[in-house]
Amino acid sequence: MKIIVPIKQVPETSRVKINEETGTIIRDGVENIINPLDLYAIESAIQLRENHSGSITVISMGPPKAETALREAIAMGADQAILITGREFAGSDTWSTAYALSALIENIKPYDLIITGERATDGDTGQVGPAIASFLNLPLSTYTGKIETVNKDHIIVKRLIEEGYERLQLPLPALLTVVKEIAYPRLPTLRGKQKARTIDIPIHSGKDMKVKEEKLGLAGSPTRVVRIYRPQVTRKGTIFQVKDEKTLAESVDQLISFLKEKKIVSF
Amino acid sequence: MKKKEVWTVSEINQQQEIKPVSFELLARGRKLAQELGVALSAVVLGNSLTERELKELIYRGADKVYWVHHQALARFVVENHSNIIRHLIKQYQPQIIIAAATTQGRTLMPHLSIKLNTGLTADCTDLQIEQETGLLLQIRPAIGGNIMAMIKTPERKPQMSTVRPKSIQVLPRNETREGNIIPIDVDDSLLDHRVTHLGYYKSEEEKVNLSSADIIVSAGRGLKKKENLSLIRDLAKQFDAAIGASREVVDRGWISYPHQVGLSGKTVNPKTYLAIGISGAIQHLAGMKTAENIIAINSDPQADIFKISDFGIIGDLFEIIPLLKKKLEEKELSS
C-alpha cells in the first residue's frame, strides 16, 4: 500500500507572540514544529503500513527550513520525503497550496491513499485536504475517526459528524483527513532518527512540476488578506474569591444573579 | 431581480428536516443581500423534504429556495453535493455563496471552490460588504484565535465562505414573508457513485452536539478523576447543556474525543460556556473564546481562564458546584 501524507510546518501556537502595533506575528525565536494534527495522519499511515506493508511518502510545501518537519516525520517512521520550495510559492492561499501539492502528487503516482491532518493549527482552515481530493478527483472522507477495513480496492471508515458518526465505503485511491481519535502518535525511534539525519530529501521547485506559474503563490491565490488585527481577548469579568462558608454562599448567589441577568436561567 | 444573488447552502438532518444552522446562514445572508440590493436564496439538497419544511426557509429570510431532490441526496456525500451545486452555480451565477462551518460545509466548500476556480475563506465569524467595491469582507480568527484576519476574493466569483455556527441570531420567523420554491431535477450524470454511505451511528447517550448547543458545561483536569464527571453531567442536565472537555480530560480517558474543545478538538461558539476546573491553556481558549458569556470556576487565581471570563469564582469546585446545584433546584421549585 502506497500512502502519501502531506504535512505542514507550523509555529508552536502556544508560543506565538503578536506585534501589538502592526498586528503581525513575531516569528523570531518561535519554535517550528510539525502541525500537531498531522501527527495523527503520519501515525495512521504507519499503522496501515504495519498491517498491509507498503511505503509512506511525506510531502510538504514551505520554506527550505520546512525540511526539518519532513525529517521529523522520517524519524517517526515515514520512508521518504519530498519538499516543495521556492519563491514562486510564497503567499499561497489554500487554493494554490492544494494546487501545488496536487501537482507533486500527480508526479509521484501511483498511490493508494492520501492522508492529511484535519487542519493546520496556524491557518486553521482545514481546506487543503478536501481541496487536494477535489483537484485529483479522489473520493474523500473528512473528519475520519477510524479506519475499519482496508482491502485491495476499497476502504471503510468512520467519519465524525455533529450528531455522532457515519460510515463510508470509498474505492481506492482515496483521500482521508483524520482527527485525533484515529491514532496515538508514536515518538521517533532511534533507528528513525538515524535515518532522518542521513536521508536525501529531494526538493521540487515550480520548474520541476507540471504547473502553471500563474497559479502559484500569491499571484495564483484567489483570496487576499486585507488586514490582520489583534482581537479583543481580555474581558473585564467579575471574579469572586471563596474564602469561607459566607463567601462561598455569596459567590454562588452572585453567579445565579449573573445567570438570571443574562437570561441563561429563567425563574 | 436580474442582479446576481447571495446564496446559502442549507443543511438537513436524517429526518429530512432543515437544520437550524441554515437559518443562521439566512440571517447572515439577509444583511449582505440587503446591502447589495439582490435576492437571497437557499439551496437545499435532499430527498423528501415537505413543502412546509421548505417554506421555513422563506419565513426565516430567503427570497428563493432552490430545492434539489433525489433519492441519492438523502445523505450528504461530498462528491454529489459538489457536482450538483457547481452545476447550479454555473447556471445561476450567484456572486456570494455561504455555508456553515460544520463537518458538511467545511468538506463541501473547499471541494467546490477548487472546481469553481475561486477563493474560499474558512470559519468566518463576521461578513461585511466593502462599500466602494461591493466585495465581501470575510473576518475570521487564525493562529489559534491570536489574530483576526480580514480576507476578500477580489477578482473571482462566486465569493465563498464558511461561517461559524452560532455566530449570529436567527431572524424571527415571519409567516407573511413570500418567496418562491424552485424545484430542480437532478441530471443522473451529476451523481458520483464511487462512495457508499453505510449509515449513521449515535455516539453516546449524552449530548455531544457541541456546535448546536446554546450552553456548554465543560470539564477540566480540576475534576480530579473520571467518577467526578458526574458533577458535570448533573449540572449539564440542569441547564440542558452539552458537555465539553479539555484535552487533558479526553487524553486521560474520562470522556470521549467528540467532547473535546480546543485546537485539536472542536471550535465552539455557544451563548454560554461554563469552564469547570479548566485552567485555560491557549489551545483550549482558541476553541471557545468567542462564546458570548464565559463563566469560570477554578481554584487557581492565576488560571488564564479568568482573563477571558465574564464571571468567575476562585474556589473549590467540589464545594461550589453542589451548592450551585442545590440553590438552582430550590429556585426552580419555588418559581
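Does the stretch A:98-239 come out rounded, prolate or oblate, given a ≥ b ≥ c as the square roots of the eigenvalues of its C-alpha gyration tensor, rounded meaning a/c under 1.5 and, failing that, prolate meaning a/b above b/c?
In terms of gyration-tensor shape, rounded.
With a sphere of radius 11 Å drawn around the Cβ of A:ALA81, what net charge do the other residues whose Cβ falls strictly inside it have (Lys, Arg +1; Asp, Glu -1)?
Working: positive: A:ARG71, A:LYS195; negative: A:GLU67, A:GLU72, A:ASP79, A:ASP200.
The answer is -2.
Restricting the count to DSSP beta bridges whose residues both fall in the stretch B:1-87, what percent are antiparallel, rounded to a multiple of 5?
Beta bridges within the stretch B:1-87, antiparallel portion: roughly 10 percent.
Roughly how many debye, to the nearest 20, is the charge dipole of the stretch B:114-229 about its Cα centre, given +1 on each Lys and Arg Cβ, -1 on each Asp and Glu Cβ, and no other charges?
Dipole about the Cα centre, nearest 20: 680 debye.
Which one of A:SER205, A:VAL5, A:THR97 is farthest out on the positive end of the charge dipole of the protein assembly as shown, using unit charges on Cβ (Lys, Arg +1; Asp, Glu -1) and the Cα centre as origin?
A:SER205
Add +1 for every Lys or Arg and -1 for every Asp or Glu among the other residues with Cβ under 13 Å from the Cβ of B:GLY315, and state the total.
Result for the neighbourhood of B:GLY315: -4.
Return the sequence-ordered ³J(HN,Hα) values of the stretch B:66-80 in whole Hz as given by the Karplus equation 6.51 cos²θ - 1.76 cosθ + 1.60 applied to θ = phi - 60°, using x for Gly and Pro.
Coupling constants for the stretch B:66-80: 8, 9, 9, 10, 6, 3, 5, 9, 4, 10, 6, 10, 3, 4, 5 Hz.
Excluding A:GLU162 itself, calculate the net charge of residues whose Cβ lies under 10 Å from the Cβ of A:GLU162, where each Lys or Arg counts +1 and each Asp or Glu counts -1.
Around A:GLU162, the surrounding residues sum to 0.
For A:THR177, what residues show an amide H to amide H distance below 5 Å, using hydrogens built from the backbone and excluding near sequence neighbours?
It is A:THR116, A:SER141, A:THR142, A:TYR143, A:THR144, by chain and number.
Using only protein heavy atoms and a 1.4 Å probe, how much accessible area in total is buried between B and A, to the nearest 100 Å²?
Values: alone 16990 and 16250 Å², together 25320 Å².
Roughly 7900 Å².
Specify the angular offset, from 0 to 90 degrees and rounded to the nearest 10, of the alpha carbon long axis of helix B:105-115 from the longest principal axis of the alpha carbons in chain B.
40
Between the DSSP loop rule and a limit of at most 14 other Cβ atoms within 10 Å, which GluC sites (Glu not before Pro) in the stretch A:187-267 are left? Can you show the working numbers first?
Values: sites: A:GLU213, A:GLU214, A:GLU245, A:GLU250, A:GLU261; in loops: none.
Answer in residue order: no site qualifies.
With a 1.4 Å probe and every protein chain left in place, tell me how much accessible area B:LEU137 has, in Å² to the nearest 10.
The value for B:LEU137 is about 20 Å².
From the convex hull of the Cα coordinates of the stretch A:153-208, what is the mean projected area in square nanometres?
Orientation-averaged projected area of the Cα hull: 7.3 nm².
Could you size up the charge dipole of the stretch B:178-260 around its Cα centre, putting +1 on the beta carbon of Lys and Arg and -1 on that of Asp and Glu, and report it in debye to the nearest 20?
900
Which far-off residues, 5 or more places away or on another chain, put their amide H under 5 Å from the one on B:ILE313, with H placed in the peptide plane?
A:PHE240, B:ALA296, B:ILE297, B:ASN298
Between rounded, prolate and oblate, where does the protein assembly as shown land on the alpha carbon gyration tensor, with a ≥ b ≥ c its root eigenvalues, rounded for a/c under 1.5, else prolate if a/b exceeds b/c?
In terms of gyration-tensor shape, oblate.
Would you mind calculating the relative contact order of chain A from Cα pairs under 8 angstrom and at least 6 residues apart, reporting the percent as a whole number?
Numbers: 490 pairs, mean separation 60.2, N = 267.
Taking the mean separation of contacting Cα pairs over the length of chain A, I get 23 percent.
Is the shape of the stretch B:184-335 rounded, prolate or oblate, going by the alpha carbon gyration tensor and its root eigenvalues a ≥ b ≥ c, with a/c under 1.5 for rounded and a/b larger than b/c for prolate? Please list the in-between numbers first.
Working: a/c = 2.15, a/b = 1.83, b/c = 1.17.
Judged from the Cα gyration tensor, the stretch B:184-335 comes out prolate (a/c at least 1.5, a/b above b/c).
Treat each spin label as a single point 7 Å out from the Cα along the C-beta direction, and report the A:ARG186 to A:VAL30 distance in nm.
Placing both labels 7 Å along Cα→Cβ, they lie 3.2 nm apart.
Could you work out the relative contact order of chain B, using alpha carbon pairs under 8 angstrom and six or more residues apart, expressed as a whole percent? Before the final figure, lay out each step's value.
Values: 697 pairs, mean separation 45.3, N = 335.
With pairs under 8 Å counted, the relative contact order is 14 percent.
State which entries of A:LYS146/B:LYS115; A:LYS215/B:LYS166; A:LYS158/B:LYS64; A:LYS263/B:LYS326; A:LYS236/A:LYS263 exceed 25 angstrom in Cα-Cα distance in the structure shown.
Correct reply: A:LYS146/B:LYS115; A:LYS215/B:LYS166; A:LYS158/B:LYS64.
When you count, for each residue, the other Cβ atoms within 10 Å and take the mean per peptide, how do B:278-287, B:47-56, B:300-309, B:320-329 rank with the highest first?
Ranking, from highest mean packing down: B:278-287, B:300-309, B:320-329, B:47-56.
Report, for the protein assembly as shown, the % of DSSP beta bridges that are antiparallel, rounded to 5.
Antiparallel bridges: around 35 percent, rounded to the nearest 5.
Which aspartates and glutamates, if any, have their Cα less than 18 Å from the Cα of B:LYS55, not counting same-chain residues under 8 positions apart?
In chain and number order, the partners are B:GLU11, B:GLU17, B:GLU24, B:ASP63, B:GLU175, B:GLU178.
Please check: in the Gaussian network model of chain A (C-alpha springs, under 10 Å), which one of A:ASP79, A:ASP28, A:ASP244 has the largest mean-square fluctuation.
A:ASP244
What accessible surface, in Å², does a 1.4 Å probe find on B:TYR92, ignoring ligands, DNA and RNA and rounding to the nearest 10?
Answer for B:TYR92: close to 80 Å² accessible.
Would you be so kind as to identify which of B:ALA100, B:GLY119, B:LEU88 lies farthest towards the positive end of the dipole of the stretch B:78-142, taking Lys and Arg as +1 and Asp and Glu as -1 on Cβ and the Cα centre as origin?
Of B:ALA100, B:GLY119, B:LEU88, it is B:LEU88.
Mind ordering A:107-119, B:124-136, B:180-192, B:151-163 by average Cβ neighbours within 10 Å, highest first?
B:151-163, A:107-119, B:124-136, B:180-192
Given the DSSP H assignment, sum -39500 (n - 2.57) over each helix run of at least 4 residues in chain B and divide by its residue total; what's the result at 222 nm in deg cm²/dmol, nearest 500?
For chain B, the value works out to -8000 deg cm²/dmol.
How far apart, in nm, are two points set 7 Å out from the Cα along the Cα-to-Cβ line at A:LYS260 and at A:LEU218?
My value for the distance between the label points is 5.7 nm.
Viscosity 0.692 mPa s, temperature 37 °C: Stokes-Einstein D of the stretch A:23-160 from its Kirkwood Cα radius, in µm² per second?
Result for D is 205 µm²/s.
What are the ³J(HN,Hα) values, in whole Hz, obtained from phi via the Karplus relation 6.51 cos²θ - 1.76 cosθ + 1.60 with θ = phi - 60°, for each residue of the stretch A:201-210 in sequence order, with x given for Gly and Pro?
Taking θ as phi minus 60°, the curve returns 10, x, 10, 10, 10, x, 5, 7, 10, 7 Hz for the stretch A:201-210.
Quick one: angle between helix A:245-261 and the longest Cα principal axis of chain A, in degrees between 0 and 90, rounded to 10, please.
Between helix and principal axis, roughly 70 degrees.
With a Cα-only, solvent-free Debye model of the stretch B:158-250, what are the log10 I(q)/I(0) values at q = 0.12, 0.13, 0.23 Å⁻¹?
Relative scattering, expressed as log10 I(q)/I(0), comes to -0.74, -0.81, -1.20.
What is the P(r) of chain A, as percent of Cα-Cα pairs per 10 Å bin from 0?
The distribution over chain A is 6, 25, 29, 18, 10, 8, 3, 0, given as percents.
Using the crude model of +1 on Lys and Arg Cβ and -1 on Asp and Glu Cβ, and no other charge, please compute the dipole size for chain B relative to its Cα centre, in debye to 20.
Around 440 debye, computed over chain B.
Hey, can you grab everything whose amide H is under 5 Å from the amide H of B:ASP123? Only 5+ residues off in sequence or another chain; H modelled, so Pro and N-termini drop out.
Excluding prolines and chain starts, which carry no amide H, the hits are B:THR162, B:VAL163.
Provide a whole-number value for the mean count of partner chain Cβ atoms within 10 Å of the Cβ atoms in peptide B:295-308.
Details: counts 6, 2, 5, 0, 1, 0, 2, 0, 0, 0, 0, 4, 5, 5.
Mean shielding count: 2.
Would you mind checking the tilt of helix B:317-334 against the longest principal axis of the Cα atoms of chain B, expressed as 0 to 90 degrees and rounded to 10?
Rounded to the nearest ten degrees, it is 70.
With a cut-off of 8 Å between alpha carbons and a minimum separation of six or more residues, what is the relative contact order of the stretch B:99-169 in percent?
Once normalised by length, the contact order is 39 percent.
The values are calculated or read from the model by the stated rules, or taken from the named source; none is laboratory data. Just so we're clear, the structure is a prediction, and the values are computed from it rather than from any experiment. As a convention, Cβ positions derive from the backbone with ideal geometry for all residues, glycine included, and neighbour counts pool all protein chains shown. Heavy atoms of the whole protein, side chains included, go into the accessibility calculation; ligands, DNA and RNA do not. Shrake-Rupley method; radii C 1.70, N 1.55, O 1.52, S 1.80 Å.
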